[in-house]
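Enquirer: Dropping the structure in here first, questions after.
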Amino acid sequence: MIYRPIAIDEEIKFSKKKFIVSKTDLKGKITFVNKNFCDISGYSEDELVGAPHNIVRHPDMPRAVFYLVWKALLSGRAISGVVKNLSKSGKYYWVIADLEPKFDRDGNIVSLTAFRRAAPQNVIDTTEELYATMLNIEKKHGMEKSIAYLEGFLEEHDMTYDAFIAELIKPKGIIATLLAAFKRMFG
Ligand SMILES: Cc1cc2nc3c(=O)[nH]c(=O)nc-3n(C[C@H](O)[C@H](O)[C@H](O)COP(=O)(O)O)c2cc1C
């Protein structure tokens, strides 16, 4: 049985230099976490490894986001997104996540990796408003309509999802350098 904390409206802030890593199998079962994941989520490595990744799913997250994430990964594409996660204490933490599939020599997807970093306030503000609207639409009209809303939103900004996210979350300066080194280490 997985312990499901009740969400409380308190934020966990963490250093921009603390990257959170996890790896999963093709069903989203966690196979690896780094120490920052444990420290920030409040779960031990034993609690996380073997658990489904939705262990940190926050009820404020629209389903459409995960639908798009899974669609990209299982078709072999990397994708980035902004995610509100739920810690064991019920507090939340916002991250920018870069997710990517790993392939074997024959080109089959063998595992999925996520690198996350703290989301700056301007990213949280933009995303929070968008997700609240999407969640509302999902509750009333289902996920398809929320995806349609996101598509309309992107059209209005004349951007693809990837371009919109890239513009929103571009890592800058030293963080970009550190993140690249980190990805090489854990990739
Ligand atoms: C590598 C990887 C990392 C993930 N990281 C997160 C995460 O940090 N938070 C989250 O809510 N879901 C994450 N997910 C998505 C979950 O697997 C799941 O789809 C999501 O929490 C929605 O849960 P549900 O499908 O039970 O509704 C991740 C998936 C993968 C493949």
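All of the numbers you see were taken from the coordinates with simple rules; none came from a lab. Keep in mind the model is a prediction, meaning the values are calculated, not measured. Using ideal geometry, Cβ is built from the backbone for each residue, glycine included, and neighbour counts are taken over all protein chains shown.
Enquirer: Could you check how many residues of region 57-77 are within 11 Å of the ligand (Cβ to nearest atom) and either in a loop (DSSP other than H, G, I, E, B) or of a type in the set (S, T, N, Q) (or both)?
Expert: 5
Residue-by-condition table, conditions (1) closer than 19 Å to residue 67 by Cβ; (2) not hydrophobic (A, V, I, L, M, F, W, C):
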residue: 139; (1), (2): yes, yes
residue: 142; (1), (2): yes, yes
residue: 148; (1), (2): yes, no
residue: 163; (1), (2): no, no
residue: 167; (1), (2): no, yes
residue: 177; (1), (2): no, yes
residue: 180; (1), (2): no, no
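Enquirer: Can you find a residue in region 34-49 that is near the ligand (Cβ under 8 Å from one of its atoms), outside any strand (DSSP E or B), without any contact (Cβ under 8 Å) to a residue 60 or more places away in the chain and within 21 Å of residue 13 (Cα to Cα)?
Expert: Within region 34-49, none of the residues are near the ligand (Cβ under 8 Å from one of its atoms), outside any strand (DSSP E or B), without any contact (Cβ under 8 Å) to a residue 60 or more places away in the chain and within 21 Å of residue 13 (Cα to Cα).
Enquirer: I've got another one for you. Hey, which of the helices (runs of 4 or more DSSP H) in region 97-187, taking only ones fully inside, have at least 1 residues that are surrounded by 13 or more Cβ atoms within 10 Å (Cβ to Cβ), more than 19 Å from the chain's Cα centre (by Cα) and free of Cβ contacts under 8 Å to residues at least 40 places away in the same chain?
Expert: Correct list: 121-141, 143-156.
Enquirer: Could you list, in sequence order, all residues of region 22-39 that are under 14 Å from the mean Cα position of the chain (by Cα) and either under 17 Å from residue 94 (Cβ atoms) or among the hydroxyl-bearing types (Ser, Thr, Tyr) (or both)?
Expert: Within region 22-39, 22, 24, 37 meet the criteria.
Enquirer: Could you tell me whether any residue of region 8-20 is in a strand (DSSP E or B) and within 14 Å of the ligand (Cβ to nearest atom)?
Expert: Looking through region 8-20, at least one residue is in a strand (DSSP E or B) and within 14 Å of the ligand (Cβ to nearest atom).
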